[in-house]
Amino acid sequence: MSASNRASNKDIYDLDYLTENIQLKDLITSLKKKQESFKEKIDMTIFDLDGEESPVNSPELLLKFDMRSTPKTGRPSHTNDRIDIMPNNKSWLLARSSWRKKVRSLYEIMGLEFPSAQGFDIE
C-alpha cells in the first residue's frame, strides 16, 4: 500500500528485494484477503482516513514510483529518497528494472495489458 500511494523509490527497492523470495502475485493475494477480512468500521485505523488506493484493484499503482507526480500534502514521505546500496546488492537501476518485470508478470497473470511507456512534456 505504501509503494502504491507514497511512490517512493525506497519502497520499490524493498519490494523488489522481498519479491525475490515471495511472489508478487502471492503478496497481492494476501493483501486482497486482508482487505476483504478487515473492511468493517471496527477494523479501521487512522491510516484508513487517507483513502489510499489499493494495487489489488489498480495494479498500475505499482508503477507510480516511475511517474513524476507531486506528493499529497500531509502524507509522510521520505525527504531524501537516496538509496545507499550495500556491497554485492542490486543497483537502483537493476532493482527498478527487476520490479517492472515482476509487475509485468503480475499483469500477465491478471490478464491485463501492461501500460505503455509514458512520455513527458518538456515544454
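Every number in this text was worked out from the coordinates using simple rules, so none of it is lab data. What you see is a predicted model; the values in this text were computed from it and never measured. With ideal geometry, Cβ positions are generated from the backbone for all residues, glycine too; neighbour counts draw on all protein chains shown.
List of remarks:
- Relative packing of peptides 42-51, 27-36, 57-66 - highest average C-beta neighbours within 10 Å first: 57-66, 27-36, 42-51
- For the pair ASP14 and GLU53, label points projected 7 Å from Cα toward Cβ lie 2.1 nm apart.
- Förster-model FRET efficiency, 30 Å R0, ARG82 and GLU60, C-beta, rounded to 0.05: 0.70
- Listed residue pairs exceeding 31 Å between alpha carbons, taken from LYS41/LYS90; LYS32/LYS64; LYS41/LYS64: LYS41/LYS90
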